[in-house]
Amino acid sequence: MIQGSDDVFEKVMDLAKRRGFIWPTSECYGAVAGFIDYGPLGAMMKRRVEDAWRDFYVIREGYYEIECPTIAQEAVFIASGHVKGFSDKMCQCPHCREYLRADHVADAGNIHNASAMKNEDLAAAIISCRCPACEEVLGTVAVFNFNLMFSTTIGPGSQRIGYLRPETAQGMFVDFARLLRFYRDKLPFGAVQIGKSYRNEISPRQGMIRLREFTQAEAEIFVHPDEKNHHPAFGRYADYRMPLLTYVHQQNCENPVEITMRQAVDQGIIANEYVAYYVALTHDMLVTIGIKPERLRFRQHLPDERAHYATDCWDAEVFSPRFGWVETVGIADRTDYDLKAHASHSGTPMTVFIQYDEPKKIARRRIIPNMSVLGKQYRLKAKAVFAALEKATPTPDGADVEVDGEKIHIPANLFEVRDEVADIRGEEIVPHVIEPSYGIDRMCYAVLEQAFDEDIADGETRTVMRFSPRVAPIQVAVFPLMNRDGLDTIAGEIIQSFRKKGILAEYDDSGAIGRRYRRQDEIGTPYAVTVDYDTRENNTVTLRNRDTMKQVRIATDGLPEMLEALVNGNVTFESLMPQNKSL
Ligand code: GAP
């Protein structure tokens, strides 16, 4: 049953608080908007979502995970452009004094392209829009830029400015030189990071969707700029079909089209194989954790929405009845922007030496200064003069160079021009970066919202979280039919056998079996094992499937291995049913 109304959000949040998935942080002091706590089941579910992500990026792609501090010195964010430009447009409601995202006010008033407008133009455009907090017409307001980074100082009494990172990505960029050495100086390679990021969002009113502290999982894949159309494993996703909403579709108000990744690249819809590969992998990954394909689309950024350094950017958007299409993952071709910026600000080279298959013979002209004469003449400046001269274009009259703003003419008799043919072994290049960037909290919200369902069982409404077994916090429940006659002991032994396999199992012996099933259904436990009197006779138990409520009798011998296979998706519950067993 697909939930179609806003009140799914209320129901999911009520369940999430009641059963220990999510709740407001420091509630006893009055919660602070933009922060949440993951309760016992939520923290486990989040860990499983992160582990599914690791399976894709670390185990399958082979990109090692690193862990950088969440605070970094100012220089990092000056180079990255965050100090100057990481801001949202803000205004204040003159009636209720609430601070508002001016572009969101504009969106709600059907004014498009607000983020690309100048502040004065946006202020004029939203004059007749209503404040989302008090619903009064705004009137004249000032719009200004508000930097979203949380700042701090590093060390006691220190003037050294630091910032809480607004994305995990910068850690991978500033570590580039060490990562390159780790990967033995060869492209392509990738590094990934899962961790907290911080943004001082202006008015976060959307629960888990817009947080001031949130978890990102980002991969930075460093690739030769000429190789972006040759992903080594592209074949894996070449025939993968999925809905793409291109910028042209958006401009023409058209629907997304289903297309394969091969077609998307060949038709120039997606910039290159690398971006297409990670668009498809992201689709695959999101479906694996339980996002329904019909509620997932990939939207290309409009040309004026794209970051100035990105050549192509796609958002994985998940549909929520409450919030509409929510950007959950961004996949961007960031070109060489980040590495060039950090190289020029830090003075550390961020290039890779690419050796040619065969050395190339290259004719070149070298300028060799007369060191002794020029050295005496220019003394302290001599080194800079030599360097400038080597790059100069000589004429029969001499060469003109500029050192520290001073124009200097070097007569032709003070240097020698040599034409030679050199063997060049290779070249230094700045890699390009392909970046899939995932918001783990938004993924968790989508998983919760899409898992929520209500059906009828035994004449009553049953609430069931239909989690994919991969991300269900508790994987199996074990119930002794009675808390006596040795049934509890057998159930305890079964629990232990699950734990030995790394399966999270919950023991429950209180109340009627039906009630116990309902409790587990509500937290999405995919399987339940019941130990009854027959278990003592023939070493079999009942295994129940949460979604279908079907049950099958199964031997205790090999039960943990069977559960593991069910959770990993290597065996289906249906295949265990007696009528299917011989198939
Ligand atoms: N390094 C690129 C980057 O950070 P982004 O689109 O700003 O790109 C990536 O963020 C993802 O992080 C988003 O798609 C979203 O899922 C998540 N995200 C961003 N801001 C968030 C917030 N305030 N609260 C929760 N998740 C957020």
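Key figures
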read-out	value
Charge sum, other residues only, whose C-beta stays under 13 Å from PRO204's C-beta, Lys/Arg counted +1 and Asp/Glu -1	+1
Spatial separation of Cα centroids for the range 160-216 and the range 63-119, in angstrom	16 Å
Residue-normalised accessible area of the range 100-241, expressed per residue, 1.4 Å probe, Å²	49 Å²
Pairs beyond 25 Å (Cα-Cα), from LYS17/LYS196; LYS11/LYS501; LYS361/LYS383; LYS118/LYS228	LYS11/LYS501; LYS361/LYS383; LYS118/LYS228
Ordering of 28-35, 314-321 by packing [mean C-beta count within 10 Å, highest first]	314-321, 28-35
Distance-filtered residues of the range 361-384 - backbone nitrogen under 14 Å, label point 7 angstrom along ARG418 Cα→Cβ	364-371
Estimated vicinal HN-Hα couplings, Hz - the range 540-554 in sequence order (Karplus 6.51, -1.76, 1.60; Gly, Pro = x)	10, 10, 8, 10, 10, 9, 4, 6, 8, 6, 6, 10, 9, 8, 9
Charge context of SER497, other residues only, Cβ under 13 angstrom, K/R +1, D/E -1	-1
FRET efficiency, ARG241 to ASP55 (Cβ-Cβ, R0 22 Å, nearest 0.05)	0.45
Solvent-accessible area per residue, Å², over the range 277-406 with all protein chains present [probe radius 1.4 Å]	52 Å²
Unit charges at the beta carbon, dipole of the chain: most positive-side option, PRO396, LEU164, ILE66	PRO396
Summed side-chain charge close to ASP488 - residues other than ASP488 whose Cβ falls under 14 Å, Lys, Arg +1, Asp, Glu -1	-2
Cα-based Rg and Dmax for the chain, where Dmax is the largest Cα-Cα distance (Å)	30.4, 108
Gyration tensor (alpha-carbon) shape descriptor, the range 215-322, a/c threshold 1.5	rounded
Cα-centred dipole magnitude for the chain, charges only on beta-carbon of K, R (+1) and D, E (-1), debye, nearest 20	1080 debye
Degrees between helix 273-288 axis and first principal axis of the chain (Cα, 0 to 90, nearest 10)	20 degrees
Computed [θ] at 222 nm, deg cm²/dmol, the chain (DSSP H ≥ 4; -39,500 (n - 2.57); rounded to nearest 500)	-8500 deg cm²/dmol
Positive-pole candidate from ALA528, PRO578, PRO469, dipole of the range 457-583, charges at beta carbon	PRO469
Where chymotrypsin sites (Phe, Trp or Tyr not before Pro) fall in DSSP loop in the range 241-310, at most 16 other Cβ within 10 Å	TYR309
Segments 207-214, 497-504 sorted - mean Cβ within 10 Å per residue, highest first	207-214, 497-504
Accessible carbon and sulfur surface of the chain relative to its total accessible area, %, 1.4 Å	50 percent
Proximal lysines relative to LYS360, as straight alpha-carbon distance under 23 Å, when same-chain residues fewer than 8 apart are discounted	LYS186, LYS391
Cysteines having no other Cys beta carbon under 4.7 Å from their own, within the chain	CYS28, CYS68, CYS91, CYS129, CYS253, CYS313, CYS444
Relative contact order, percent, the chain [alpha-carbon distance under 8 Å, six or more residues apart]	12 percent
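The values are calculated or read from the model by the stated rules, or taken from the named source; none is laboratory data. Here the structure is a predicted model, which means the values were calculated and not measured. So basically every Cβ, Gly included, is an ideal-geometry build from the backbone, and we count neighbours across all protein chains shown. Side chains are part of the model used for accessible areas, which takes the heavy atoms of the whole protein and leaves out ligands, DNA and RNA. Shrake-Rupley method; radii C 1.70, N 1.55, O 1.52, S 1.80 Å.
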